[in-house]
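The values are calculated or read from the model by the stated rules, or taken from the named source; none is laboratory data. This structure is a prediction, so every number in the text was calculated from the model and none was measured. Virtual Cβ from ideal backbone geometry, glycine too; neighbours counted across all protein chains shown.
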Amino acid sequence: MTRSVVLLGSTGSIGTQSLDVIARNPGGFRVAALAAGGARVDLLARQAAEFRPEAVAVADPAAVPALREALSALGVTAKVLAGPEGVAEAAAWPSDMVLNGITGALGLTSTLAALKAGRTLALANKESLIVGGPLVKRLAGPGQLIPVDSEHSALAQCLWAASPTGHDPSAVRRLIVTASGGPFRGRPRAELTGVTPEQALAHPTWSMGPVITVNSATLVNKGLEVIEAHLLFDIGFDRITVVVHPQSMIHSMVEFTDGSVVAQASPPDMRLPISLALGWPGRVAGAASPVDWTRAHTWTFEPLDDEAFPAVALARHVGEAGGTAPAVYNAANEVCVEAFLAGRLPFPGIVDTVAAVVAEHTVTEAGSVEEVLAADTWARVRARELTGAA
Ligand SMILES: NC(=O)c1ccc[n+]([C@@H]2O[C@H](COP(=O)([O-])OP(=O)(O)OC[C@H]3O[C@@H](n4cnc5c(N)ncnc54)[C@H](OP(=O)(O)O)[C@@H]3O)[C@@H](O)[C@H]2O)c1
């Protein structure tokens, strides 16, 4: 049966790769609605012309006239939804599943809207789970959240392979989340002061949007993923280990209580976890190329250097604190990434500033969206003050 998909963040790295998966499987999937921010209206209109969704949403209301014009020039009659409310409306649009590929904490509203509408949610926007942890978990029914992040897709596959009838946390000794180490792997902290945005944006194994690419260089992305793994699989932080694996071929592993380790391996290509999330629990044949076992490979593993890259230890700290602490970590980081890309903050200053903002924050429960957004806003204001952008 053809699955209808709402795609949020369709013009980004995850969004365009998702459309590639859908285009190559016309019998498997169709697009019900598309949503984007508004920075690439022509691309959004071309996507609508190709995939013929019922609705197209754009978060920036100022982009609506240009979108209408571009759609009309291409003969597209889809309903246009405007503003953040329009994106949330798209998230709840009738469909079999929603893929949230929006970047950053502003994806939270759409995650909540999709879950409230009862949709199965393929979640690339990890920030919404981390920021809205208890809220998202409370809303999500069993099987309603499907991970898109390659590491969490790998963990889900390892857990499923070991126990297809249901995940049994008591059989798991630990989750082993792999990290490429980013472009600055092996460098001591003292050498990181002068690194440039261009260097940070040159990821050795993955091609992704700018925020997640910088987050991969600082290892903040891995910190977010540790929290994500904790929330998705109900495993304590003391049983989640990060291992640096520069080749990005093993996407994560699960160690069981009998000493067995199950790993998931494939060349780095997001179309694999995207297709698995869209087709879950079915696999989409030909989604990506497998490992070529006729060639020699060397795959290496090394511990994380917590002194040069303190972001993971800080993420464990905020994850354990819970409540509004992860939202503050994420929001401060988003501001610091902007400051680094604008040349206002040296690279090590990103995590140092996040740590300073986290240290000043008084953690509260995160029992409502308003409370989470208030913590997010406070952290952004404080991070802007500390990075000279206030
Ligand atoms: N890229 C990867 O390989 C990868 C891997 C794992 C996880 N992820 C996660 O996936 C998410 C997306 O990452 P990405 O690399 O695809 O980011 P990206 O390339 O920067 O794309 C972001 C998308 O979000 C849209 N957007 C921005 N603001 C929006 C808003 N207010 N409402 C609706 N859409 C909005 C953008 O639209 P405009 O074009 O109009 O700006 C764009 O389509 C992130 O949470 C990231 O951590 C990405």
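VAL76 is checked against (1) in a loop (DSSP other than H, G, I, E, B); (2) more than 12 Å from the ligand (Cβ to nearest atom); (3) closer than 15 Å to LEU123 by Cα and fails just one. What number does that condition carry?
Condition not satisfied by VAL76: (3).
Taking region 12-46 on its own, how many of its residues are in a strand (DSSP E or B) and among the β-branched types (Val, Ile, Thr)? Break it down stepwise before answering.
Quick first cut of region 12-46, residues in a strand (DSSP E or B) only: 29-36.
With among the β-branched types (Val, Ile, Thr) added as a condition, the list becomes 31.
Result for region 12-46: 1.
I'd like the residue in region 187-228 that is more than 13 Å from the ligand (Cβ to nearest atom), within 18 Å of PRO268 (Cα to Cα) and out of contact with any Phe, Trp or Tyr (no Cβ under 8 Å at 6 or more places or on another chain) and, out of all such residues, is modelled with the highest pLDDT.
The residue in question is ALA202.
Residue check: is ALA105 in contact (Cβ under 8 Å) with a residue 60 or more places away in the chain, surrounded by 17 or more Cβ atoms within 10 Å (Cβ to Cβ), within 16 Å of the ligand (Cβ to nearest atom) and more than 12 Å from the chain's Cα centre (by Cα)? Steps first, please.
Values: in contact (Cβ under 8 Å) with a residue 60 or more places away in the chain: yes; surrounded by 17 or more Cβ atoms within 10 Å (Cβ to Cβ): yes; within 16 Å of the ligand (Cβ to nearest atom): yes; more than 12 Å from the chain's Cα centre (by Cα): no.
Criteria not met by ALA105.
Can you say whether LEU115 is outside the structural domain of GLY209 (by the TED database) and more than 13 Å from the ligand (Cβ to nearest atom), as far as the supplied structure shows?
When the stated conditions are applied, LEU115 passes them.
Out of all the residues in region 245-270, which are hydrophobic (A, V, I, L, M, F, W, C), within 19 Å of the chain's Cα centre (by Cα) and not in a loop (DSSP other than H, G, I, E, B)?
If the condition is that a residue be hydrophobic (A, V, I, L, M, F, W, C), within 19 Å of the chain's Cα centre (by Cα) and not in a loop (DSSP other than H, G, I, E, B), then ILE250, MET253 are the ones that fit.
Within region 2-24, is there a residue that is farther than 27 Å from VAL369 by Cβ, out of contact with any strand residue (DSSP E or B) (no Cβ under 6 Å at 6 or more places or on another chain) and away from the ligand (no atom under 15 Å from the Cβ)?
Yes, the conditions are met somewhere in region 2-24.
Looking at the structure I just gave you, is ALA66 surrounded by fewer than 20 Cβ atoms within 10 Å (Cβ to Cβ), under 30 Å from GLU334 (Cα atoms) and within 12 Å of the ligand (Cβ to nearest atom)?
yes
Just to verify a result, which residue in region 118-133, among those that are in contact with a strand residue (DSSP E or B) (Cβ under 9 Å, 6 or more places away or on another chain) and not in a loop (DSSP other than H, G, I, E, B), is farthest from the ligand (Cβ to nearest atom)?
Ranking the candidates gives THR120 first.
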